[in-house]
Amino acid sequence: MKTAGEVSTQSRNVGMGDLHSARPPEKLYTLGLGSCLALVLYDTRAEIAAMAHIMLPKSPSDAKAEKPGKFADTAIPKLLEVLEESGADRRRIRAKVAGGAKMFNIASSSPLMAIGQQNIQAVKEGLKAHGIPLEAEDTGGSRGRSVTFDTTSWTMQVRTIGEGTKTL
Amino acid sequence: MTPLQKDAMKELASIGTGHAASALSGLVGKHVNMAVPEVEQLNLEEVASHFGDPESPVCAILSRCEKMVPSNLVFIMPEEDARELAEEMLGLLNVPLDLANRAEIAESALAEAGNIILGAFMSALGDMLQVNLPLSVPAVAHDMLGAIMDIMIAIFGVSGDTAFLVSTPLTFPENTDRIFSGKVLLVPDPQALEGFFGLLGVA
């Protein structure tokens, strides 16, 4: 919800497959996440955060490189690159993640119907491989989420229909 | 996609939704209007907002076809329309208003509505294409529009940056107080498009 005095550049929407960075007091947000994930990497000392709106766990080998935020395996290195270019120190970078729901309880032989769980697993493995600690998460389940990351408090607000807002 | 292929998909959706609309009409005992199907090719990041506020509460009933032309078939409507539809059905069945498990019955009524509507759509397609297109048991979800669309869109993300779907709005013209606005979405998996074109003879 925007207040009267708020400048639009202070909140940035991270669309599907996108990746954006922000500095205090900016916010990064994404609305209505289902199986997708909002992954935020941040360095509080360098005062920089970046969010990727991840759709899928793994990029196909012939993937076009212009949307690294789309896949877990390309989003993590890109987030690290963006943060480090802005002065972040790899040893201080932390992660928070939300999303990866299974919206429909449907019997299907298609692995894509369980893509949320695969996204979560891919992000966790990727963070581990890069040595980035996962500070907090709100993942899985069957509820859609709207996610806002606030660079003044370095917290993630996760809203759902029916379960209100929680802060990570 | 060529203009011919686009028209063929429109025609296919038109026939499917025609059957879905009469199925819905039979369920609620009301006339149902159907708009002309829209064939949409959208950038992944604009899909959710194309259909409205990504946070708006919707009810979606999803069924999947795994044979020949792997596709998701979705009947989606604003949450208040879903409640209205459930009420219409429960009213016709004379379900008492004070029944303890009324909400539960309303929920299965919606699943059944989805089953009938989507089943009518898919069997019309099967008849036209002369193939058997079985559908999975439908799953109902009540949530944010964006979250509901995610899974359909993710399937396209594997092979590209655009999503393809056919959308047909349904309305009850007799309801004058507010407009019911359900939509039947046919969302073929990317590789299923070629299958459709082959069966339609427009490959």
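Numbers for the structure displayed
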quantity: Some residue of the range B:47-64 being part of a helix (DSSP H, G or I) and more than 10 Å from chain A (Cβ to nearest Cβ); calculated: yes
quantity: Residue satisfying condition, being in a helix (DSSP H, G or I) and either among the polar types (S, T, N, Q) or at pLDDT below 85 (or both), within set B:91, B:114; calculated: B:91
quantity: Any hit, the range A:53-64, residues being under 16 Å from residue B:150 (Cβ atoms) and assigned to a loop (DSSP other than H, G, I, E, B); calculated: yes
quantity: Selection within the range B:152-176 - in contact (Cβ under 8 Å) with a residue 60 or more places away in the chain, within 14 Å of chain A (Cβ to nearest Cβ) and crowded, with 19+ Cβ neighbours inside 10 Å; calculated: B:152, B:153, B:155, B:156, B:157, B:163
quantity: All positions within the range A:109-129 that are away from chain B (no Cβ under 12 Å), surrounded by 15 or more Cβ atoms within 10 Å (Cβ to Cβ) and small (Gly, Ala, Ser); calculated: A:122, A:126
quantity: The listed residue being at pLDDT 90 or above and out of contact with any Leu (no Cβ under 6 Å at 6 or more places or on another chain), out of B:144, B:128; calculated: B:144
quantity: Test: residue A:106 is out of contact with any Phe, Trp or Tyr (no Cβ under 7 Å at 6 or more places or on another chain), free of Cβ contacts under 8 Å to residues at least 60 places away in the same chain and surrounded by 14 or more Cβ atoms within 10 Å (Cβ to Cβ); calculated: yes
quantity: Among (1) among the hydrophobic types (A, V, I, L, M, F, W, C); (2) without any contact (Cβ under 8 Å) to a residue 12 or more places away in the chain; (3) surrounded by 14 or more Cβ atoms within 10 Å (Cβ to Cβ), the one test that residue A:132 misses; calculated: (2)
quantity: Sole residue being assigned to a loop (DSSP other than H, G, I, E, B), touching a Ser or Thr at 6+ places or on another chain (Cβ under 9 Å) and closer than 26 Å to residue B:47 by Cα, chosen from A:115, A:120, A:106; calculated: A:106
quantity: Residues (in a helix (DSSP H, G or I) and either among the hydrophobic types (A, V, I, L, M, F, W, C) or surrounded by fewer than 16 Cβ atoms within 10 Å (Cβ to Cβ) (or both)) located in the range B:23-44; calculated: B:23, B:24, B:26, B:27, B:28, B:44
quantity: Residue ID - surrounded by the fewest Cβ atoms within 10 Å (Cβ to Cβ), chosen from residues in the range A:64-102 that are within 14 Å of chain B (Cβ to nearest Cβ) and aliphatic (A, V, I, L, M); calculated: A:65
quantity: Matching residues, the range B:107-151, being buried (at least 24 other Cβ atoms within 10 Å of the Cβ) and in contact with an Asp or Glu (Cβ under 8 Å, 6 or more places away or on another chain); calculated: B:144, B:145, B:146
quantity: Hey, residue A:158 assigned to a helix (DSSP H, G or I) and under 24 Å from residue A:12 (Cα atoms) or not; calculated: no
quantity: Among the residues listed as A:140, A:99, A:69, the single one being under 15 Å from the mean Cα position of the chain (by Cα), modelled with pLDDT under 95 and under 18 Å from residue B:153 (Cβ atoms); calculated: A:69
quantity: Filter result for residue B:68 (crowded, with 17+ Cβ neighbours inside 10 Å, more than 14 Å from the chain's Cα centre (by Cα) and at pLDDT 90 or above); calculated: no
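The values are calculated or read from the model by the stated rules, or taken from the named source; none is laboratory data. Here the structure is a predicted model, which is why all the values come from computation and not from measurement. Cβ: placed from backbone, ideal geometry, glycine included. Neighbour counts: every protein chain shown.
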